[in-house]
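Report on the following structure.
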Amino acid sequence: MIYQGNRITVTMDDDHIVNFRFDAVEESVNKFDAETNKQFDEAVSALENAAEVKGLIVTSSKGVFIAGADITEFVGHFNKDAAEIEQWILDINAVFNRFEDLPFPKVAAINGAALGGGCEMTLVCEYRVMGQNAQIGLPETQLGIFPGFGGSVRTPRLLGVDNALELIATGKAQKPEEALKLGLVDAVVAQDDLQAAAIDLVKKCIAGDLDWQAKRKEKLVPIKLNTLEQTMAFSSARAAIFAKAHPKQYPAVAIAIETIEKHVNLDRDAALKIEAAGFAKAAKTPQAASLVGLFLNDQAVKKLAKQHSKKAHDITEAAVLGAGIMGGGIAYQAASKGLPIIMKDIKAEQLDLGMGEASKILAKQVERQKMSAAEMGETLSRIRPTLNYGDFGDTDIVIEAVVENPKVKHAVLKEVEGLVKDNAILASNTSTISITYLATVLERPENFVGMHFFNPVHRMPLVEVIRGEKSSDEAIATTVALASKMGKVPVVVNDCPGFLVNRVLFPYFGAFDLLLKQGADFVQVDKVMEKFGWPMGPAYLIDVVGLDTGVHGADIMAEGFPDRMKPDYKGGIKRLFEANRLGQKNGVGFYKYELDNRGRSQKTADEATYELLKDTTDRDKQEFADQVIIDRMMLAFCNETVRCLEDNIVSTPAEADMAMIMGVGFPPFRGGPCRYIDQLGLDNYLALCEQYAPLGKAYAAPQKIREMAAAGDTFYPQA
């Protein structure tokens, strides 16, 4: 035994080949947390003093090779000043360098995910062998940073500038075949043969069959491109990368490219100093704080879902009532995760529509080679379309997804309750109707909850699980468990009009309507909000949702919250709806939708829209400052989020933020509405509320904001 720790063990076999094994005994995965970094330093020191070592393999005792750095520790590090962050990175890299410089060949045996720091660990070896079930990549830009354990230095020298920049900018994990093609690994073997293959490679190095010292040297020296080749490589990479990632929204990508361009002509040690400075610069951006916070919130929400699921009943079969686009999407989602599901409707053509929706989604996956035709057939076989309730006696949970009409839902729910077993859960996929109200016709209201999927079901990760006044913990637990089993992220909320996501979204649409009334151009508003980071502006969004759906939801919200969601004027959305402009579903809404020569829907601003909107404006068209548009739209959105926390509709800022990101596309790099308020500063945010309060209650600061500002509090812990 050369070294023994509870994170790393180092042993040597009879052939003098060392097994450097990552084995975090008390952890589910290996990661570079503070204790592992300490033991890594100690283990390298032991190797530097060990005698007769001829070669080394790096292995992992876990299913994941190394998950990367410990992100839970990032907040503490990133709250330090840039110089301290830089020194932290340099100290870690000093150990990586000492490992790389050991006087014998090293091979990484990658048995599972090697991501971030895990990938960078493999790069300090001369060779990398990958199992068929493994993946490798550098996802740091998804956290608002970029590789800081030497990844930005070694990848351009190993893969070439173009490949390295794409790998780092996209953050995409590479499958074995892709990694081999890139040159990120040197061989791919069957999982069972992995360690033997790594040892065999080391032995070939020892025997002189492979020039491992030359492999190492290429990582220590500048890249082999002349000035013109470098200029062309970086210019073309910038153009391609920034077409997908806006540098002001995701500055880590721009900082990474800038940093690599600075250090590619330097030797390793000098380049690593440039990398550390660039890493510290990225770590101090608000986007890094938001994206790291987003990761931690995601973990917190999933942990809460596990806690909620503790009292869940077993779910072996589900059913969905209503076989339209939504019902078909729900059926697909269950079947794709291995759960048999009955799809019931009263019309055969609706069943055809639902099966067609599921088939269409699966066919695209076959086309993209994400599944085989046989797997598609197997998935479809888990969906049983039916026109009757014959098989409902054994169903564990029934999801009602009929039209958004309380009378229809009441009739359907009452009917199905009499046909299922006593402990079966009923869940309504309503988007706005009170769960407590829907439960009034049921004999067992304790078994009834809301289960709100978002459209399109297969793409939207969020499911709101709504607790009515009489919903039992067991019913909530079982529904949460089902959502998780279906591959969704459940957030439990309490009952109110619109629940959480739609309750917050409608004041946002209200703010948009008020801007239109005062002469704003809907195209300008869309452009400003898309530049702010939304995937689509409010006009485009309501076109996608459907203006009929929007008007219906707005009426319900106006009844529930008349003080801030019941305007005293007819808004532009309602005016267009009355003109039978429903959005994408009939080709005209705020925009006109036509197919291009590739058959893709394209939107254009329609002059007819401006004519119709004249009926709802009280002044001529005017241009608002971009920041005014942002402030007015975001105040209405964020204030309602805070009111949901005040009213205990949602329990934590983490759940509120994740719901808005997953449910309506709140810009991820801004972290969610609560983190956005924190980053503006509570005092500054309160001042904005007071500035715009004359526009209406939607803009007035909630009491919680006033109290937090007075106390110097924030939604999330600060340095």
Only one of the listed values, (i) 30.3; (ii) 36.0; (iii) 34.0, was derived from the coordinates as mean projected area of the Cα convex hull in nm²; which label is it? (iii)
Let me check I've understood the local charge: for Leu138, count other residues with C-beta under 10 angstrom from its C-beta, Lys and Arg +1, Asp and Glu -1. What total comes out? -1
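Quick one: work out the % antiparallel among DSSP beta bridges in the chain, nearest 5.
30
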May I ask you to list the trypsin sites (Lys or Arg not before Pro) in the stretch 427-478 that are in a DSSP loop and have at most 15 other Cβ atoms within 10 Å of their Cβ? Arg459
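Greater than 26 Å separation of Cα atoms is the criterion. Which listed pairs, Lys62/Lys219; Lys172/Lys281; Lys181/Lys219; Lys303/Lys409, meet it?
Result: Lys62/Lys219; Lys303/Lys409 exceed 26 Å.
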Please report the spacing between the Cα centers of the stretch 691-719 and the stretch 485-503 in Å, no decimals. 24
Distance between the stretch 124-179 and the stretch 382-450 - C-alpha centres, whole angstrom: 48
Cross-link reach list, lysines versus Lys470, counting only Cα pairs under 17 Å and skipping chain neighbours closer than eight places: Lys311, Lys414
Summed residue charge, Cβ within 13 Å of Ile17's Cβ, Lys/Arg positive, Asp/Glu negative: 0
Neighbour cut-off at most 12 other Cβ (10 Å), DSSP loop, GluC sites (Glu not before Pro), the stretch 620-719: Glu623
Normalised by the number of residues in the stretch 315-495, what is the relative contact order in percent for Cα pairs under 8 Å and 6+ residues apart? 21
One-quarter of the Cα convex hull surface for the stretch 502-711, in nm²? 11.8
How big is the gap, in Å, between the Cα center of the stretch 310-344 and the Cα center of the stretch 532-585? 30
Relative contact order, percent, of the chain when contacts are C-alpha pairs under 8 Å separated by at least 6 residues? 9
For the stretch 3-284, the spread of Cα positions along each principal axis, largest first, Å: 54, 40, 33
If amide H atoms are modeled at 1.01 Å from N in the peptide plane, then the residues at a separation of 5 or more from Met12, or on another chain, having amide H under 5 Å from its own are Ile2, Asn19
Quick one: of the DSSP bridges fully inside the stretch 315-495, what percent are antiparallel, nearest 5? 15
The stretch 315-495 -> Rg/Rh from Cα coords, Kirkwood Rh, value 0.95
Environment charge of Ala289, counting only residues whose C-beta is closer than 11 Å and scoring Lys/Arg +1, Asp/Glu -1: +2
Do any trypsin sites (Lys or Arg not before Pro) in the stretch 264-355 lie in a loop, going by DSSP, with at most 10 other beta-carbon atoms within 10 Å of their beta carbon, and if so which? none
Other-chain or far-sequence residues with amide H under 5 Å of Ser428's (modelled H): Glu400, Val449, Gly450, Met451
Sequence-separation-based contact order of the stretch 424-552, relative, with Cα cut under 8 Å and 6+ spacing, percent: 19
Value at 222 nm in deg cm²/dmol, rounded to 500, when DSSP H runs of n ≥ 4 in the chain each add -39,500 (n - 2.57): -15500 deg cm²/dmol
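FYI, it's all coordinate maths here, none of it is from the lab. Here the structure is a predicted model, which means the values were calculated and not measured. Every residue, glycine as well, gets a Cβ built from its backbone with ideal geometry; the counts of neighbours run over all protein chains shown.
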